[in-house]
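*Asks:* This structure is in structure tokens; I'll ask about it shortly.
Readers should treat all values here as calculations from the given coordinates under stated rules, not as data from a laboratory. Nothing here was measured: the structure is a model prediction, and the numbers come from that model. Note that we place each Cβ from the backbone using ideal geometry, even for glycine, and neighbour counts take in every protein chain shown.
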């Protein structure tokens, strides 16, 4: 790239930026509610839903590093 070439910054809407954080929030909230409401398989589902944000952080950390 030439030094005088302007850098283009992609513009994204708020919905595009916040889609994954809101999905992780909804999964965490659902995991907490399901974990409190049931025993047996709901506990397994709650554990999986609460694991998703940790998995997202691990994937982001791996991509960055």
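*Asks:* For residue 15, are the conditions met, namely being assigned to a helix (DSSP H, G or I) and surrounded by 10 or more Cβ atoms within 10 Å (Cβ to Cβ)? Explain how you work it out, then say what you get.
*Replies:* Values: assigned to a helix (DSSP H, G or I): yes; surrounded by 10 or more Cβ atoms within 10 Å (Cβ to Cβ): no.
No: the conditions fail for residue 15.
*Asks:* Any idea which of 42, 21 is touching a helix residue (DSSP H, G or I) at 6+ places or on another chain (Cβ under 8 Å) and part of a helix (DSSP H, G or I)?
*Replies:* Values: 21 fails: touching a helix residue (DSSP H, G or I) at 6+ places or on another chain (Cβ under 8 Å).
Residue meeting the stated conditions: 42.
*Asks:* Turning to a different aspect of this structure: Pick from 27, 58: which is surrounded by 12 or more Cβ atoms within 10 Å (Cβ to Cβ), part of a helix (DSSP H, G or I) and free of Cβ contacts under 8 Å to residues at least 40 places away in the same chain? Talk me through it step by step, then tell me what you get.
*Replies:* Details: 58 fails: surrounded by 12 or more Cβ atoms within 10 Å (Cβ to Cβ).
When all the criteria are applied, what remains is 27.
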